[in-house]
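Since the structure comes first, as structure tokens, the remarks are kept for the end.
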Amino acid sequence: MKTQRTAACTGSIERYWAPRELVMVGVFAAAAKLSSLLIALAGGGMNPVSLVAKNLVFTTLLVVLLTKVPKAGTLLLFTVVSMLISVLLLGGSMALLPAALAGALLGEAAAWGLARTTPRAVLWAPWLAAGVYDLASKGLSLGVSYLFMRESPALMTMVVPIVALGYVGSVMGLWFGWKTVGELKHAGFVR
């Protein structure tokens with residue numbers, strides 16, 4: 001009786017998230033954070049080229065992950081794991097966690113809404129989810145920055161161009177993600 005109940009409880013989880021998919025989310029989250037860190041270190045800090053490059057690579061990896069694991073909740077799980085890696089290993093700010101989670105929820109909602117329109121639209125859901133996630137998380141992080149710097153709002157004149165330049169890298173990452181997914185389909189990594 002106890003083994004049947006355990007199998008029934010874990011059966012629904014196993015049907016939705018396969019262990020290889022969970023590993024894939026963790027590997028891609030770690031790869032995205034590690035590549036961002038390596039690009040920042042190799043670029044010599046925060047300069048325009050490294051800022052665009054690290055956002056490009058992050059968004060490209062996100063699109064590949066969302067194409068490889070096309071399930072609802074993948075973007076949210078990726079964001080949680082990515083933020084945990086950022087906070088625990090890299091000393092990232094906990095203040096950016098709500099903006100990232102809200103961006104992930106908006107990205108998931110946009111992909112779900114697109115998938116409900118036509119069956120063919122499901123093919124574009126990873127790009128829409130990644131684009132909405134990048135736009136919403138960067139916009140909301142600007143709002144968090146404004147809350148912290150509201151006593152000296154002139155500092156926002158330095159923050160806004162940096163975030164905008166990062167978003168240019170994210171938009172470029174959507175195109176690179178399209179090309180990368182095409183090549184990975186030829187290699188058999190993505191269906």
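Among the numbered conditions (1) open to solvent by 60 Å² or more (accessible area, probe 1.4 Å); (2) more than 12 Å from the chain's Cα centre (by Cα); (3) in contact (Cβ under 8 Å) with a residue 24 or more places away in the chain, the only one that Leu135 does not meet is (2). Residues in the range 166-187 that are more than 18 Å from Ser35 (Cβ to Cβ) and open to solvent by less than 60 Å² (accessible area, probe 1.4 Å): Gly182 alone.
Evaluate the range 176-186: report whether one residue or more is in a helix (DSSP H, G or I), modelled with pLDDT of 80 or more, out of contact with any Phe, Trp or Tyr (no Cβ under 7 Å at 6 or more places or on another chain) and over 16 Å from Val63 (Cα atoms). Checked against the condition, which is being in a helix (DSSP H, G or I), modelled with pLDDT of 80 or more, out of contact with any Phe, Trp or Tyr (no Cβ under 7 Å at 6 or more places or on another chain) and over 16 Å from Val63 (Cα atoms), the range 176-186 yields at least one hit. Residues in the range 151-174 that are farther than 21 Å from Gly45 by Cβ and either of a type in the set (S, T, N, Q) or out of contact with any helix residue (DSSP H, G or I) (no Cβ under 9 Å at 6 or more places or on another chain) (or both): Glu151, Ser152, Ala154.
Residues of the range 99-123 that are assigned to a helix (DSSP H, G or I), modelled with pLDDT under 85 and loosely packed, with under 14 Cβ neighbours inside 10 Å: Gly113, Arg116, Thr117, Pro119, Arg120, Leu123.
Scanning the range 89-98 for residues that are assigned to a helix (DSSP H, G or I) and open to solvent by 40 Å² or more (accessible area, probe 1.4 Å) returns Met94, Leu96, Leu97, Pro98. Restricting attention to the range 138-147, does a residue exist that is over 18 Å from the mean Cα position of the chain (by Cα), open to solvent by 40 Å² or more (accessible area, probe 1.4 Å) and not hydrophobic (A, V, I, L, M, F, W, C)? There is at least one residue in the range 138-147 that is over 18 Å from the mean Cα position of the chain (by Cα), open to solvent by 40 Å² or more (accessible area, probe 1.4 Å) and not hydrophobic (A, V, I, L, M, F, W, C).
Among the residues of the range 65-75, those identified as among the hydrophobic types (A, V, I, L, M, F, W, C) and either surrounded by fewer than 23 Cβ atoms within 10 Å (Cβ to Cβ) or under 16 Å from Ala136 (Cβ atoms) (or both) are Leu66, Val69, Ala72, Leu75.
The values are calculated or read from the model by the stated rules, or taken from the named source; none is laboratory data. Computed from a prediction, not measured in an experiment: that's the story for all the values here. Here the Cβ is made from the backbone with ideal geometry for all residues, glycine too, and neighbour counts use every protein chain on show. Please note that ligands, DNA and RNA were not included when accessible areas were found on the heavy atoms of the full protein model with its side chains. Shrake-Rupley method; radii C 1.70, N 1.55, O 1.52, S 1.80 Å.
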